[in-house]
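Below you'll find the structure, written out as structure tokens, and then a few comments.
The values are calculated or read from the model by the stated rules, or taken from the named source; none is laboratory data. The model shown is predicted, which means the values in this text are computed figures rather than measured ones. Cβ placement follows ideal geometry from the backbone for every residue including glycine, while neighbour counts extend to all protein chains displayed.
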């Protein structure tokens, strides 16, 4: 039985360094987790445009891949993959889907894993803000308190909540074809998220889709405060790199 790190198509194609950081963190906690080549797409994006017959066929194909590769557990770094695997795979396959799926945040937030990491920020106190991604807060098993538990466990890190947070967070506008069809709406939402940073010096997200939208709007509006992926932030803390510079 194998434990798989499921990186997701977007991260694996566009954010290689972030993937490497996630792998480094996960394997430092549990070296039995592995990365495999040619991992199939979970099918999350096609869910919005395909029909049920095609979707079921793809879900069955992926589940058979899991069986062939003897996968029993998954940690995924993608919010969309987590949402899709935990909701729709059970919907289409029922008890045939036997994989234990966790998101990176759930994995890190487990007390024994936080204890192993023993995270400490070596610099002066840093105020950070966390954006709740729709895929995580609206998932079958919502992920809301885990990122806060992780950030609050780090010495010299102060979590500065945004005006809209948890189940009331603002959608970044990256998913569901919104950016493709209603770019102005997507851009407005992403800019509004930055406007709510207040005293936070860094915007942290655990979703590659949110990161893509927020990084784009940051560049377009020349916003000074950085947006970072959760994995990259944690690696900076572990390696003693100033998150504002990393």
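Among the listed residues 164, 236, which satisfies the condition of being under 19 Å from the mean Cα position of the chain (by Cα) and either at pLDDT below 95 or part of a loop (DSSP other than H, G, I, E, B) (or both)? Don't jump to the end; show me each part of the working.
Details: 236 fails: either at pLDDT below 95 or part of a loop (DSSP other than H, G, I, E, B) (or both).
Only one candidate qualifies: 164.
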The correct count of residues that are in a helix (DSSP H, G or I) and within 21 Å of the chain's Cα centre (by Cα) in region 220-233 is 4
Hits in region 115-143 (condition: touching a strand residue (DSSP E or B) at 6+ places or on another chain (Cβ under 7 Å) and either loosely packed, with under 15 Cβ neighbours inside 10 Å or assigned to a loop (DSSP other than H, G, I, E, B) (or both)): 120, 121, 125, 127, 133, 143
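Would you check which residues across region 196-214 are over 13 Å from residue 127 (Cβ atoms) and either touching a helix residue (DSSP H, G or I) at 6+ places or on another chain (Cβ under 9 Å) or not assigned by TED's automatic domain parsing to the domain that holds residue 146 (or both) and list them?
Looking only at region 196-214, we keep the residues that are over 13 Å from residue 127 (Cβ atoms), and these are 196, 205-214.
Of everything in region 196-214, those that are over 13 Å from residue 127 (Cβ atoms) and either touching a helix residue (DSSP H, G or I) at 6+ places or on another chain (Cβ under 9 Å) or not assigned by TED's automatic domain parsing to the domain that holds residue 146 (or both) turn out to be 205, 206, 207, 208, 209, 210, 211, 212, 213, 214.
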Any idea which residue in region 42-58 is surrounded by the fewest Cβ atoms within 10 Å (Cβ to Cβ), counting only those that are over 22 Å from residue 230 (Cβ atoms) and under 21 Å from the mean Cα position of the chain (by Cα)? 48
Of the numbered conditions (1) touching a strand residue (DSSP E or B) at 6+ places or on another chain (Cβ under 9 Å); (2) without any contact (Cβ under 8 Å) to a residue 12 or more places away in the chain; (3) not assigned by TED's automatic domain parsing to the domain that holds residue 194, residue 152 fails exactly one; give the number of that condition. (3)
Got at least one residue in region 172-195 being out of contact with any helix residue (DSSP H, G or I) (no Cβ under 7 Å at 6 or more places or on another chain), over 29 Å from residue 49 (Cβ atoms), assigned by TED's automatic domain parsing to the domain that holds residue 127 and not in a helix (DSSP H, G or I)? no
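Name the residue, out of 89, 82, that is assigned to a helix (DSSP H, G or I), in the same structural domain as residue 15 (by TED's automatic domain parsing) and either without any contact (Cβ under 8 Å) to a residue 12 or more places away in the chain or out of contact with any strand residue (DSSP E or B) (no Cβ under 6 Å at 6 or more places or on another chain) (or both). Full working, then the answer.
Values: 82 fails: either without any contact (Cβ under 8 Å) to a residue 12 or more places away in the chain or out of contact with any strand residue (DSSP E or B) (no Cβ under 6 Å at 6 or more places or on another chain) (or both).
Selected residue: 89, the only one of 89, 82 that is assigned to a helix (DSSP H, G or I), in the same structural domain as residue 15 (by TED's automatic domain parsing) and either without any contact (Cβ under 8 Å) to a residue 12 or more places away in the chain or out of contact with any strand residue (DSSP E or B) (no Cβ under 6 Å at 6 or more places or on another chain) (or both).
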Given the conditions (1) within 13 Å of the chain's Cα centre (by Cα); (2) within 23 Å of residue 116 (Cβ to Cβ), and given that residue 3 satisfies all but one, which numbered condition is not satisfied? (1)
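With crowded, with 17+ Cβ neighbours inside 10 Å and under 25 Å from residue 23 (Cβ atoms) as the only criterion, which of 112, 146 stands out? Talk me through it step by step, then tell me what you get.
Details: 112 fails: crowded, with 17+ Cβ neighbours inside 10 Å.
The match here is 146.
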Going through region 1-53 in order, the residues found to be in contact with a strand residue (DSSP E or B) (Cβ under 7 Å, 6 or more places away or on another chain) and modelled with pLDDT under 95 are 1
